[in-house]
Structure formats: structure tokens, C-alpha cells
Amino acid sequence: MIWPFSKSRKKGRASRISIRPPKPDADRHGIALVAIAKDEERRIEDWLTFHSLAGVREVILYDNMSGDRTAEIARNFKGMKVTVIPWQLHTETDSPVLILPRQIIAYCHALCTFGSKFRWMSMVDLDEYIVPKDAMSIPEALKPLEAHSNISLPWAMFGHNGHETPTQRPIPFNYTERAAEQSGPLLNFKCIIDPTNVTKVSVHKFETASMGKQTVNTLGQSASNKTRKSSAFVTNEVLQLNHYYLLSRQETDDKINRGAVSGVSNDTRAKSLREKQILIEANPITDNSALEFLSRHGVKHANDFADKFRG
């Protein structure tokens, strides 16, 4: 016999977590990137190299139980400071039964522990590159936006570019075709925020003390977190968030099999990924924004990029 009180309770997931932001240091400056990585030794040096050229002051990397050389490569990177934090965490509450996602917890930890040192922080994945469109660096591009505490960058979704297996050249040189559309399943945002102003933390949206639920695009135009998906708000001007979502077909399959740091089921993740894959590949356009940025830094060939901070 199964007693009524023995029925297991369905677990929910916290979609956002409130924090008390740190007080800013008097000499705070620059931008830090926060990322969670698992078994990314093939790609992490590309990502670090690009963002070092883009003027990132520090990367705070949460290593999610990698079984390869991800953490070692990050610690030994010479282009900027990289702080590596081992991150093996599962937390949930009893009443109500609620999972606290390790990704959001990591972001809260980064903001509260390191945020006082920086004017800006951004929580991005290792397949996401923040590309200055005309400026030489991300901090330079952000200067006109100093009055704001929450900036939203829409995804620009890149496809396979015909690659079946992982490529040897750095990502910006091999992936230059993306979806023309930035809407529907292909539209989400990552944010650049003032870490000393953040009050609520999520993966794709934040709330700040000075702006509440409002955010701005890179042109300084304002919208709420709920209304920012309008075509009038979405822009790739000033900074573009290149999301190298698919990479090679083999890497797409590996991404599905590896599972999500968010804890979403593999079936749900696979369905969503395949849906996006079809949309990205349907009518791609050429986008050389990353290559144009690298060229401004004198990096015109893959070998120049790969050798930038080695040795």
C-alpha cells in the first residue's frame, strides 16, 4: 500500500536569486568575465586569447569537475589574470523543495566575492565572444554607457560553417556564418552589469538597484527585461555577442551528450538545440565582425592569433 504522505514532491528550480551587492573599491576599474567550464581544453585558449585582446582585466573561471586540462590551461594563460575556482555543488531547499542552480550560485559568488574590484562584469559561456564592433576594446566601447548598470547583449547565433569535425584553427577564423534572424528561439541575452549594483541574479537577466528591472542596449535605449525582445531594442551595434552555438557537427553531438551545467534534462536540451540548429542553418549570412576586430589588433592570420600569448 502507498500512503498519501509518501508521495515525492516535485522539485522546482530557482530562476533568480537575490543578493546584497558588494561595496565598490575606490580604485575599481575594468571588466571581468565569469564563466563555468567543463572539459573545454580544446577551446578555452581561443576564448581567453580573444578576450585578452578585447581588454578584459580578469577571468573568473568556475571549473565544473573537468577531467581534462581545462583548469591547467586557464591557470597558465599569460595574457591576463585568470582565477580558477573548483566548482562541485548541488544545493536545494527542503520547504519548498527547490533546486538552487549551481550556475546562478556561481554567479552570485563571483559578484559578491570579486565584484568590488570591477566597474563591469559579464557572465558568459565559452562559446560566447563579446566583439567590439569599432572600438579597440570592450571597456572603450562601454564608455558612453557609464551612466547605466545593466546592459543587454542579444545572441548572434553562428552555425556549423560546413565543419563535420572539430577544427584546428581558432574559432573566429573557422566560423563566419550566422543566422540572419535574431528572434524567437534564436533570441536571448547575456548582460554586462555593474557588480556593485546587482540585486537579483539569473543566467540571462539581472536586476540592479539603480535600474530595477530595466536594462539598456548598447545604444543606450531602455527596455524592461520582459520587453527587450522587441525588434526596436535588439541591436548588434557597438558590441556584438557572437554565440558559436553549434561549432562542428561532432561538437554539437558532444554538447548534447555532456549535459548542461544548468541541470536541464538531456532530452529537453537536445530538442531545443536541434530546433535552433535548423533555424541557424536555414538561411545563414556571412559575419566577419570578429575577424575585423582582430585585424585592428594586427591579427590577420590564425597563426598570429594562436601565438599571441604563448611562450
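The values are calculated or read from the model by the stated rules, or taken from the named source; none is laboratory data. Quick caveat: nothing in here was measured; it's all calculated off a predicted structure. Counting neighbours? That spans all protein chains shown, and the Cβs are built from the backbone with ideal geometry, glycine included.
Residues that are in contact with a helix residue (DSSP H, G or I) (Cβ under 8 Å, 6 or more places away or on another chain), of a type in the set (Lys, Arg) and surrounded by fewer than 21 Cβ atoms within 10 Å (Cβ to Cβ): does region 122-141 have at least one? Looking through region 122-141, at least one residue is in contact with a helix residue (DSSP H, G or I) (Cβ under 8 Å, 6 or more places away or on another chain), of a type in the set (Lys, Arg) and surrounded by fewer than 21 Cβ atoms within 10 Å (Cβ to Cβ). Of all residue pairs spaced 6 or more apart or on separate chains, those with beta-carbon atoms under 6 Å, a first member in region 151-175 that is part of a loop (DSSP other than H, G, I, E, B) and a second member that is of a type in the set (Phe, Trp, Tyr) and modelled with pLDDT under 95 are 170/305.
Condition test on residue 207, is it among the acidic types (Asp, Glu) and surrounded by fewer than 18 Cβ atoms within 10 Å (Cβ to Cβ)? So residue 207 fails the test.
Residue 131 fulfils the conditions (1) assigned to a loop (DSSP other than H, G, I, E, B); (2) within 19 Å of residue 291 (Cβ to Cβ); (3) of a type in the set (A, V, I, L, M) except for a single criterion, (1).
Yes/no per residue for (1) within 20 Å of residue 188 (Cβ to Cβ); (2) in contact (Cβ under 8 Å) with a residue 40 or more places away in the chain; (3) of a type in the set (Ser, Thr, Tyr):
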position: 95; (1), (2), (3): no, no, yes
position: 117; (1), (2), (3): no, yes, no
position: 125; (1), (2), (3): yes, yes, no
position: 137; (1), (2), (3): no, yes, yes
position: 146; (1), (2), (3): no, no, no
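Do we find that residue 116 is under 23 Å from residue 242 (Cα atoms), among the hydroxyl-bearing types (Ser, Thr, Tyr) and crowded, with 16+ Cβ neighbours inside 10 Å in this structure? No, not satisfied.
Taking region 87-128 as the range and being assigned to a strand (DSSP E or B) and more than 20 Å from residue 287 (Cα to Cα) as the test, the residues that pass are 91, 92, 93, 98, 99, 100, 120, 121, 122, 123. Taking the criterion of being over 18 Å from residue 23 (Cβ atoms) and of a type outside the set (Lys, Arg), the residues of region 188-205 that qualify are 188, 189, 191, 192, 202, 203, 204. Beta carbons closer than 7 Å, at least 6 apart along the sequence or on distinct chains, pair a first residue in region 203-228 that is in a loop (DSSP other than H, G, I, E, B) with a second that is of a type in the set (Asp, Glu) and surrounded by 14 or more Cβ atoms within 10 Å (Cβ to Cβ) for 213/207. Does region 90-102 contain at least one residue that is basic (Lys, Arg), at pLDDT 95 or above, crowded, with 17+ Cβ neighbours inside 10 Å and touching a Phe, Trp or Tyr at 6+ places or on another chain (Cβ under 9 Å)? No - not one qualifying residue is present in region 90-102.
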